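This report concerns only the one structure given below.
The values are calculated or read from the model by the stated rules, or taken from the named source; none is laboratory data. Quick caveat, the model's predicted, so the values are computed rather than measured. Note that each Cβ is placed from the backbone with ideal geometry, even for glycine, and that neighbours are counted across all protein chains shown. Heads up: the accessible areas ignore ligands, DNA and RNA and are worked out on the full protein's heavy atoms, side chains in. Shrake-Rupley method; radii C 1.70, N 1.55, O 1.52, S 1.80 Å.
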Amino acid sequence: MAGVVEVGLGRRTRRWLAAWAWVVFAFLYVPIVVLVVFSFNSSSRVNIWGGFSLGWYGEALSNEVIISAVRVSLIVAFVSTVVSVVLGTAVALALDRYRFRGRRTLDGTVYLPIVIPDITMAVMLLVFFAEAFKLIDSFGPRLTLGISTVALSHIAFNISFVCVVVRARLDQFDRTLEEAARDLYASAWETFRRVTLPLIMPGIAAGGLLALTLSLDDVVISAFVSGPGSTTLPVYVFSSIRRGVTPELNAISTLMLAASIALVLGSLALQRRRASASQQTQVL
Amino acid sequence: MTEPVAAVEIDGVTKRFDDVVAVDNVDLAIDDGEFFALLGPSGCGKTTTLRMIAGLDLPTTGSLRIFGEEVGMAPPDRRPVNTVFQAYALFPHMTVRQNIEFGLRMRRVKDPELSQRVAEAIAMVRLAGMEERRPDQLSGGQQQRVALARALVNQPKVLLLDEPLGALDLKLRQEMQQELKALQRTVGITFVFVTHDQEEALAMSERIGVMSEGRLLQVGTPREIYERPASRFVADFIGRTNLLEATVDSSGAVRLSSGARIEAETSVPAGSEVAVSLRPERTRLQPRGTASADGHSLDGEVRDITYLGHAVVYEVAVGSMSVEVRSEGEVGQPFAAGDAVTVSWDRGAATVVAD
Ligand SMILES: Nc1ncnc2c1ncn2[C@@H]1O[C@H](COP(=O)(O)OP(=O)(O)OP(=O)(O)O)[C@@H](O)[C@H]1O
Ligand SMILES: [Mg+2]
């Protein structure tokens with residue numbers, strides 16, 4: 001009896017939910033579709049369709065400033081991802097397994113960059129670099145903002161994200177597996193390499209992917225700490241959009257979109273291949 | 001002349017975790033080739049004792065030898081022992097074969113010896129055909145076999161098993177008990193087996209060590225532990241028993257608070273407070289007045305009857321005490337609640353436990 005009533009209500013609810021899901025979906029994707037469609041617009045007016053053209057792509061890709069911004073973005077993303085994956089994983093492991101002085105403080109503060117607003121972080125970093133430069137310059141060198149300050153800043157926030165993701169994985173990790181490895185004559189290092197690392201690898205990979213995305217995505221912090229010649233692509237897009245939306249910007253954005261989709265698909269494929277490959281490979 | 005050296009020798013070992021004393025001054029020697037069970041209620045320190053033998057926990061004080069060699073502080077990879085963990089702890093990212101190979105690879109054993117030993121281990125636990133599966137594609141019983149093979153393939157001198165059957169259902173558990181026993185006889189090495197199931201311990205092991213609150217209370221064969229418990233705790237924990245408070249009267253007899261006299265051997269001086277342990281299945285009921293075995297009987301009144309099919313359990317009021325009598329193979333309904341009866345037993349069935 002109660003079951004029948006529930007099924008009736010459930011069906012109506014389901015229909016509403018399905019409709020609602022489509023609304024949300026449209027809300028998310030219509031702007032993207034508009035952006036992609038208008039990037040192929042031959043007219044220079046953004047909101048009037050003047051026929052299909054790849055012209056704006058050619059324009060964007062031959063723009064030296066854009067090319068240089070892409071290069072900066074990629075270098076910063078790569079360096080900050082590699083460094084923050086190593087450091088973030090190390091911090092996560094330390095917090096998970098060792099009791100040491102200052103552990104609780106570190107545990108509480110390591111996540112701070114995630115919760116404080118970008119703008120605060122940006123100002124903090126800028127002030128920090130200014131003070132640091134003053135100190136170092138007093139010994140001779142003349143340091144300025146540039147690609148390394150951008151990379152350092154991205155490392156600073158990415159460590160926290162990697163750390164959070166890896167720790168979530170470590171929380172589920174069964175420590176008796178490490179004891180089993182030790183019991184089976186593995187040294188501490190072999191235990192880490194053959195048991196711990198492979199089992200937390202999905203967390204490390206996810207953290208790395210997140211770091212890569214966040215770095216490629218960042219505007220506010222990069223805008224503050226970059227100097228002449230170290231403009232990242234998002235910063236370039238943001239600064240030129242203030243001069244008006246151009247079809248060229250649509251083209252760049254579409255390319256960025258394609259790149260991030262490729263990134264996600266690539267990482268999925270990688271994970272799938274690793275899963276099936278490791279079924280065949282030997283332990284050593 | 002050389003003394004046979006013990007497989008495991010634990011000397012005054014204590015393990016403290018902050019303010020918890022998990023293992024309290026334990027002395028124990030386990031013989032070579034023995035199937036030894038550590039038995040006790042939850043939290044009594046069985047796992048901690050086993051982990052100290054494995055090297056996964058280090059003793060706070062005391063010394064620990066394996067075949068005469070001091071290993072108390074040695075890391076686990078330097079001890080000739082292997083462990084079957086409570087929840088198996090199989091490596092989820094490796095196949096059955098890779099799990100079993102792990103120990104040999106860590107010790108740099110090369111083919112053809114490697115594959116030969118792995119094949120033997122797989123055959124021994126009857127897992128042929130499962131080599132390429134992952135642990136999550138195996139049933140509980142199969143996982144347990146992998147855990148056994150993974151440990152035994154290393155040919156340890158001592159195999160440690162922490163409640164290896166705890167996660168299995170009753171039927172599989174009984175099968176595995178037999179299989180484990182047979183396996184131990186085949187490989188001939190020392191098994192140290194942790195369990196909180198007293199029936200399992202009695203059925204499987206050659207000797208049992210009973211633990212409580214970190215202390216080792218008694219070590220003996222299943223028969224010794226069951227028939228001659230050294231303390232109230234052991235008498236009560238192993239099987240069911242009636243513990244009757246009594247005072248030692250003269251050598252060979254004790255007196256209950258009701259004044260009744262029971263014959264029982266004891267070395268405790270007269271006047272000491274003791275308890276008499278009477279196993280329910282070693283006692284019988286007779287109508288009052290038909291029994292004449294003085295010193296081996298108590299008069300009482302049936303208070304409650306529980307019918308179990310294969311047995312009938314009577315609760316008999318004896319003075320202010322209650323005695324459980326278990327009767328098997330009874331025909332008809334010889335007694336009813338309220339009947340005046342005599343509880344009797346054979347000479348030697350009543351044992352005195354002093355503490
Ligand atoms: N790492 C630890 N830190 C603190 N206390 C511990 C630790 N390991 C064990 N203990 C404590 O030591 C005591 C004995 O634990 P142990 O695991 O040896 O018991 P056990 O007999 O194996 O129990 P069970 O049958 O429940 O497995 C318990 O009181 C437990 O809480
Ligand atoms: Mg335990």
Whole-Å distance, taken between Cα centres, linking region B:130-150 and region A:54-78
54
Just tell me how shielded B:49-56 is by partners: mean number of partner chain Cβ atoms within 10 Å of each residue's Cβ, no decimals.
2
Check which residues have an amide H placed less than 5 Å from A:D174's amide H, if you skip close sequence neighbours.
none
Proximal charge balance of B:R105 [Cβ under 10 Å; K/R count +1, D/E count -1]:
+2
Apply the Karplus parameterisation 6.51 cos²θ - 1.76 cosθ + 1.60, with θ equal to phi minus 60°, to every residue of region B:343-353 and state each ³J(HN,Hα) to the nearest whole Hz, in sequence, with x for glycine and proline.
8, 9, 8, 7, 3, x, 6, 8, 10, 8, 10
Inter-label distance for A:A262 and B:V187, nm, one decimal - labels placed 7 Å from Cα along Cα-to-Cβ:
5.4
Specify whether the C-alpha gyration tensor of the protein assembly as shown places it in the rounded, prolate or oblate class, a ≥ b ≥ c being the square roots of the eigenvalues: rounded for a/c under 1.5, otherwise prolate if a/b is larger than b/c and oblate if not.
prolate
Suppose a student asked you for the relative contact order of chain A, using Cα pairs under 8 Å spaced at least 6 residues apart; what percent would you report?
30
Residue-wise, which Karplus ³J(HN,Hα) couplings in Hz belong to region A:251-260, taking 6.51 cos²θ - 1.76 cosθ + 1.60, θ = phi - 60°, and x for glycine or proline?
5, 4, 4, 4, 5, 4, 4, 4, 5, 6
Could you give me the ³J(HN,Hα) list for region B:38-50, computed from phi with Karplus coefficients 6.51, -1.76, 1.60 and θ = phi - 60°, whole Hz, x at Gly and Pro?
9, 10, x, x, 4, x, 7, x, 5, 4, 4, 4, 4
Over all alpha-carbon pairs of chain B, lay out the pair-distance distribution in 10 Å bins, whole %, shortest bin first.
5, 21, 25, 21, 15, 10, 4, 0
Considering only C-alpha atoms, what is the centroid distance from region B:69-83 to region B:211-238, in Å?
29
Cβ-based charge dipole, region A:70-232, positive-most Cα from A:G207, A:A181, A:I114
A:A181
Proximal aspartates and glutamates to B:K46, defined as alpha-carbon separation beneath 13 angstrom and excluding residues fewer than eight positions away on the same chain:
B:D24, B:D57, B:D162, B:E163, B:D197, B:E213
For B:D355, B:D346, A:D96, the accessible-area ranking with a 1.4 Å probe, largest leading, is B:D355, B:D346, A:D96
Using C-alpha positions alone, give me the convex hull volume of region B:240-353 per residue in cubic angstrom.
92
Lysines with Cα under 24 Å of B:K110, excluding same-chain neighbours fewer than 8 positions away
B:K157
Could you give the length gained by full extension between A:Y98 and A:V34, i.e. 0.36 nm per residue of separation minus their alpha carbon distance, to one decimal place?
17.9 nm
Going by average Cβ neighbours within 10 Å, how do the peptides B:273-280, B:316-323, A:129-136, A:247-254 rank, with the highest at the top?
A:247-254, B:273-280, B:316-323, A:129-136
Based on a Kirkwood Rh over C-alpha pairs, give the Stokes-Einstein translational diffusion coefficient of region A:70-232 at 25 °C and viscosity 0.890 mPa s in µm²/s.
142
Gain on full stretching of the segment that runs from B:L170 to B:F67 - 0.36 nm per residue minus C-alpha separation
33.5 nm
Working from Cα positions, state the angle (0 to 90°, nearest 10) between the long axis of helix B:140-152 and the longest principal axis of chain B.
60
Which whole number gives the average, over all residues in A:196-205, of C-beta atoms from other chains lying within 10 Å of the residue C-beta?
1
re chain A: pairs of Cα atoms spaced beyond 28 Å account for a percent value of 56
Cα centre as origin, Lys/Arg/Asp/Glu Cβ charges: region A:70-232 dipole, Debye
300
Mean residue ellipticity (222 nm) of the protein assembly as shown, computed from DSSP H runs ≥ 4 via -39,500 (n - 2.57), nearest 500:
-15000 deg cm²/dmol
At A:W189 and B:L114, where each label point lies 7 Å from the Cα along Cα→Cβ, what is the point-to-point distance in nanometres?
1.9
Just add up the charged neighbours of B:T283: K/R +1, D/E -1, any other residue whose Cβ is under 10 Å from the Cβ of B:T283.
+1
What nm distance separates the two modelled labels at B:K157 and B:V313, each placed 7 Å from Cα along Cα→Cβ?
4.6
In the Gaussian network model of chain A, springs joining C-alpha atoms below 10 Å, which of A:T231, A:T109, A:T176 carries the largest mean-square fluctuation?
A:T176
Relative contact order as a percentage, region A:118-224, C-alpha pairs under 8 Å and 6+ apart, gives 44
Quick check: net charge around B:R347, other residues with Cβ under 13 Å of its Cβ, Lys/Arg +1 and Asp/Glu -1?
-3
For chain B: relative contact order, % (alpha-carbon pairs under 8 angstrom, 6 or more apart)
15
